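Participant: Got a structure here, written out as structure tokens. Questions coming.
The values are calculated or read from the model by the stated rules, or taken from the named source; none is laboratory data. No experiment lies behind these values; they were computed from the predicted model shown. Because the Cβ atoms are built from the backbone with ideal geometry, glycine has one as well, and the counts that use them run over all protein chains shown.
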Amino acid sequence: MSRPYHLLVVEDVASEREILSEHLTVAGYHVSTARDGQEALEKFQNERIDLVISDLRLPDISGVEIMRAVKDIDPRVPVIIVTAYGSIEGAVEAMRRDAYSYVTKPLDVDQLKMDIARALQNRILAEEVQQLREQLRTRYRFEGIVGTSKQMQEVLSQVARVAPTRATVLITGETGTGKELVARAIHFNSPRAEKPFVAVACGAIPQTLMESELFGHERGAFTGADRLRVGRFEQSDGGTILLDEIHTLPLAAQAKLLRVLQERTFERVGSSQPMTVDIRVLAATNQNLEEAVAHGEFRRDLFYRLNVIQIRLPSLWERKEDGSYLIEHFIRKFADQNKKGVTGVTEEAMRLLVRYAWPGNVRELENAIEHSVVLARGDAVTPDDLPLHIRQSTIAADQFQVGMTLAELERVAILETLKLHGGNKTKTAAALAIGLRTLHSKLKEYGQSNTDEHPVVPPAAGGTA
Ligand SMILES: Nc1ncnc2c1ncn2[C@@H]1O[C@H](COP(=O)(O)OP(=O)(O)OP(=O)(O)O)[C@@H](O)[C@H]1O
Ligand SMILES: [Mg+2]
């Protein structure tokens with residue numbers, strides 16, 4: 001530390017104040033003095049004091065009160081209380097209120113100097129520990145991404161490693177787990193940050209227009225192409241393109257994309273003029289691409305090309321410990337946005353939030369918190385403020401009745417848990433702490449074995465005949 005430690009000596013007797021001040025100055029400290037509580041607190045607030053030595057008895061307030069005020073302002077500052085010999089009771093109170101230590105008069109200056117050195121040393125250690133802890137907790141911190149769980153820290157460490165490179169990254173995970181957020185983090189932490197980030201929602205583009213959307217078209221390339229159109233790849237030259245919902249990409253566009261990845265060139269639709277671009281490609285999907293490959297819906301060679309680095313986002317269910325941080329984060333966000341004084345959730349509301357399965361993951365949680373903050377009347381979100389389906393997703397108490405057989409209880413527990421998890425048997429089995437096979441056999445017993453083995457898929461609107 002470059003500057004000398006700054007001590008504040010509070011003592012009403014002038015001679016004692018001066019002697020002590022002198023000793024400590026000689027010992028290398030920078031010393032300020034005060035003759036009563038008021039002056040002490042003024043100096044404490046205006047000077048950067050590292051440690052306070054205060055007499056217990058002062059003309060206005062007591063040393064203990066000074067300590068309390070100091071700790072209120074900065075709890076890290078050690079306070080040493082000096083008591084007259086015999087006034088042990090006051091000293092005991094000081095100890096109880098966690099003064100760093102107390103010494104008795106007449107002062108043993110050498111002992112006091114050792115106490116000071118030790119208190120300052122402890123303070124430095126405590127600060128170092130806290131800094132290390134902070135560093136660990138926020139080791140991989142990206143703007144707006146909450147995630148202290150082991151799984152999310154692993155994700156963020158991957159993001160940190162791939163961001164500076166040009167590698168193609170495949171980002172997978174259930175809906176609402178933060179795939180786009182991660183894609184943006186990669187771009188904005190890369191050397192391309194100043195260049196465009198273009199996100200293409202492939203699933204939202206009609207398949208017939210996909211190639212022209214991505215690669216552009218020449219005037220007259222097809223009916224309706226009455227002027228030249230620059231595609232998304234050209235728009236993102238120098239930057240990053242995110243191909244979201246990549247599984248919806250038609251096979252023809254897949255072939256063109258493969259070539260972009262291999263040779264960095266493509267042609268606009270209706271042109272034979274190759275264009276060269278400098279682009280980093282990120283792809284995202286909530287589907288299992290390997291399965292799509294197995295079904296012939298996705299090119300194997302493209303899959304391998306995209307899958308060089310895969311970042312898999314865990315579902316909220318897999319990282320429950322992030323839940324409370326996310327809730328806190330969203331409460332702050334929506335309280336600010338809506339100018340509401342909401343700062344937390346009640347215990348009961350928290351219980352409901354923790355029990356819910358969150359099939360829509362972080363997005364669903366975000367929406368639920370926004371809804372709740374907007375409706376909240378007090379400073380905490382109550383169960384009444386939560387969206388209805390979350391409130392109702394827990395097992396109703398009246399389904400359990402004294403006198404039910406164990407088998408009946410089990411049936412209610414299984415079926416309600418299944419409902420809570422939207423029919424997802426893996427999650428249901430995990431929640432009930434039973435094996436998947438046990439769950440299957442129970443459901444069969446209840447005549448519910450095929451609830452999702454053969455899901456009923458409604459015919460797609462406008463599907464090809
Ligand atoms: N770890 C996180 N910390 C803070 N906010 C998050 C986190 N993960 C997701 N979100 C927020 O949740 C919402 C959904 O995230 P995002 O759009 O990235 O999900 P997605 O995986 O792309 O979903 P989909 O598959 O449905 O497109 C966004 O508003 C995002 O800001
Ligand atoms: Mg998305």
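Participant: When you go through 267, 297, 263 one by one, which is the residue that is out of contact with any Leu (no Cβ under 7 Å at 6 or more places or on another chain), within 30 Å of residue 315 (Cα to Cα) and either polar (S, T, N, Q) or surrounded by fewer than 18 Cβ atoms within 10 Å (Cβ to Cβ) (or both)?
Facilitator: Details: 267 fails: within 30 Å of residue 315 (Cα to Cα); 263 fails: within 30 Å of residue 315 (Cα to Cα).
So the residue among 267, 297, 263 that is out of contact with any Leu (no Cβ under 7 Å at 6 or more places or on another chain), within 30 Å of residue 315 (Cα to Cα) and either polar (S, T, N, Q) or surrounded by fewer than 18 Cβ atoms within 10 Å (Cβ to Cβ) (or both) is 297.
Participant: Separate question: Within the range 8-43, track down each residue that is among the hydrophobic types (A, V, I, L, M, F, W, C) and surrounded by fewer than 14 Cβ atoms within 10 Å (Cβ to Cβ). Spell out the reasoning first.
Facilitator: Within the range 8-43, the subset among the hydrophobic types (A, V, I, L, M, F, W, C) is 8-10, 13-14, 19-20, 24, 26-27, 31, 34, 40-41.
Correct list: 13, 14, 26.
One line per residue, one yes/no per condition, for (1) at pLDDT 95 or above; (2) within 17 Å of residue 176 (Cα to Cα):
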| residue | (1), (2) |
| --- | --- |
| 301 | yes, no |
| 318 | no, yes |
| 323 | no, yes |
| 348 | no, no |
| 352 | no, no |
| 358 | no, yes |
| 366 | yes, yes |
| 369 | yes, yes |
| 378 | no, no |
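Okay, residues lined up against (1) among the basic types (Lys, Arg); (2) farther than 20 Å from residue 260 by Cα:
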{"residue": "159", "(1), (2)": "no, yes"}
{"residue": "165", "(1), (2)": "no, no"}
{"residue": "184", "(1), (2)": "yes, yes"}
{"residue": "197", "(1), (2)": "no, no"}
{"residue": "200", "(1), (2)": "no, no"}
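Participant: Moving to a separate point now. Any chance the range 248-265 includes a residue that's modelled with pLDDT of 90 or more, under 34 Å from the mean Cα position of the chain (by Cα) and not hydrophobic (A, V, I, L, M, F, W, C)?
Facilitator: Checking the range 248-265: at least one residue is modelled with pLDDT of 90 or more, under 34 Å from the mean Cα position of the chain (by Cα) and not hydrophobic (A, V, I, L, M, F, W, C).
Participant: Quick one: what pairs do we get from the range 419-447, first residue free of Cβ contacts under 8 Å to residues at least 12 places away in the same chain, second β-branched (Val, Ile, Thr) and assigned to a helix (DSSP H, G or I), C-beta under 7 Å, 6+ apart or different chains?
Facilitator: 436/426
Participant: So which of 308, 354, 373 is buried (at least 17 other Cβ atoms within 10 Å of the Cβ) and at negative phi? Give the steps one after another, and end with the answer.
Facilitator: On the way: 308 fails: buried (at least 17 other Cβ atoms within 10 Å of the Cβ); 354 fails: buried (at least 17 other Cβ atoms within 10 Å of the Cβ).
Answer to the selection: 373.
Participant: Say whether the condition of being in contact with a Cys (Cβ under 8 Å, 6 or more places away or on another chain) and more than 16 Å from ligand 2 (Cβ to nearest atom) is met by at least one residue in the range 210-219. Spell out how you get there, then give the answer.
Facilitator: Our first condition is that a residue be in contact with a Cys (Cβ under 8 Å, 6 or more places away or on another chain); within the range 210-219, this holds for 210.
Okay, now just the ones that are also more than 16 Å from ligand 2 (Cβ to nearest atom), so 210.
Scanning the range 210-219, I find at least one residue that is in contact with a Cys (Cβ under 8 Å, 6 or more places away or on another chain) and more than 16 Å from ligand 2 (Cβ to nearest atom), so the answer is yes.
Participant: Tell me, which strands (runs of 3 or more DSSP E) wholly within the range 31-120 include 1 or more residues that are at pLDDT 90 or above?
Facilitator: Values: elements: 51-55, 79-83, 101-104.
Per the criteria, 51-55, 79-83.
Participant: Name the pairs: first residue in the range 75-87 and among the β-branched types (Val, Ile, Thr), second residue part of a strand (DSSP E or B) and at pLDDT below 90, Cβ to Cβ under 7 Å, at least 6 apart or on different chains?
Facilitator: 80/101; 80/102; 80/103; 81/102; 82/103; 83/102; 83/104
Participant: Counting residues that are more than 22 Å from residue 418 (Cα to Cα), which helices (runs of 4 or more DSSP H) fully inside the range 335-391 reach at least 3?
Facilitator: On the way: elements: 347-355, 361-375, 388-391.
Ranges flagged: 361-375.
Participant: Within the range 169-215, take every residue that is of a type in the set (S, T, N, Q), within 25 Å of the chain's Cα centre (by Cα) and crowded, with 17+ Cβ neighbours inside 10 Å and give me the one that is nearest to residue 232 (Cα to Cα).
Facilitator: Kept after step one, since they are of a type in the set (S, T, N, Q), are these residues of the range 169-215: 172, 175, 177, 189-190, 207-208, 212.
Going one step further and asking which of them are within 25 Å of the chain's Cα centre (by Cα), we end up with 172, 175, 177, 189-190.
Within this subset, residues satisfying the condition of being crowded, with 17+ Cβ neighbours inside 10 Å are 172, 177, 190.
Values: 172: 22, 177: 25, 190: 20 Å.
In this case the residue turns out to be 190.
Participant: From the residues in the range 412-426 that are under 11 Å from residue 439 (Cβ atoms) and of a type in the set (Val, Ile, Thr), which one is surrounded by the fewest Cβ atoms within 10 Å (Cβ to Cβ)?
Facilitator: The extreme case among them is 426.
Participant: Restricting the first residue to the range 338-367 and requiring it to be free of Cβ contacts under 8 Å to residues at least 60 places away in the same chain and under 9 Å from residue 381 (Cα atoms), which pairs with a second residue that is away from ligand 2 (no atom under 15 Å from the Cβ) and of a type in the set (Asp, Glu) meet a Cβ separation below 7 Å and a spacing of at least six or different chains?
Facilitator: Listed by first residue and then by second, the contacts come to 342/379; 343/379.
Participant: Determine which member of the set 310, 287 is modelled with pLDDT of 95 or more and either of a type in the set (Phe, Trp, Tyr) or within 19 Å of residue 181 (Cα to Cα) (or both). Before the answer, list the steps.
Facilitator: On the way: 287 fails: modelled with pLDDT of 95 or more.
So the residue among 310, 287 that is modelled with pLDDT of 95 or more and either of a type in the set (Phe, Trp, Tyr) or within 19 Å of residue 181 (Cα to Cα) (or both) is 310.
Participant: To continue, here is another question. Are any residues in the range 176-217 part of a loop (DSSP other than H, G, I, E, B) and within 11 Å of ligand 1 (Cβ to nearest atom), and if so, which ones? Give the steps one after another, and end with the answer.
Facilitator: We begin by selecting, within the range 176-217, every residue part of a loop (DSSP other than H, G, I, E, B); these are 176-178, 189-196, 205-206, 216.
Once the filter is applied, which keeps residues that are part of a loop (DSSP other than H, G, I, E, B) and within 11 Å of ligand 1 (Cβ to nearest atom), the range 176-217 yields 176, 177, 178.
Participant: Name every residue in the range 160-179 that is within 16 Å of ligand 2 (Cβ to nearest atom) and more than 24 Å from residue 264 (Cβ to Cβ), in order of residue number. Talk me through it step by step, then tell me what you get.
Facilitator: Filtering the range 160-179 down to residues within 16 Å of ligand 2 (Cβ to nearest atom) leaves 169-179.
Within the range 160-179, 172, 173, 174, 175, 176, 177, 178, 179 qualify.
Participant: Do you know which of the residues in the range 236-289 that are among the charged types (D, E, K, R) and not in a helix (DSSP H, G or I) is nearest to ligand 2 (Cβ to nearest atom)?
Facilitator: It comes out as 244.
Here is a yes/no grid of residues against (1) within 21 Å of the chain's Cα centre (by Cα); (2) among the β-branched types (Val, Ile, Thr); (3) within 14 Å of ligand 1 (Cβ to nearest atom):
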position	(1), (2), (3)
277	no, yes, no
282	no, no, yes
289	no, no, yes
296	no, no, no
303	no, no, no
317	yes, no, yes
324	yes, no, yes
340	no, no, no
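Participant: Can residue 213 be described as among the acidic types (Asp, Glu), within 30 Å of residue 357 (Cβ to Cβ) and at pLDDT 90 or above? Step through it out loud before you land on a result.
Facilitator: Numbers: among the acidic types (Asp, Glu): yes; within 30 Å of residue 357 (Cβ to Cβ): no; at pLDDT 90 or above: yes.
Considered against the rule, which asks whether it is among the acidic types (Asp, Glu), within 30 Å of residue 357 (Cβ to Cβ) and at pLDDT 90 or above, residue 213 comes out as no.
Participant: If you go through the range 1-19, how many residues are in a helix (DSSP H, G or I) and under 21 Å from residue 46 (Cβ atoms)? Give the steps one after another, and end with the answer.
Facilitator: Step one: list which residues in the range 1-19 are in a helix (DSSP H, G or I), which gives 14-19.
The next check asks that each one be under 21 Å from residue 46 (Cβ atoms); those that pass are 17.
The total comes to 1.
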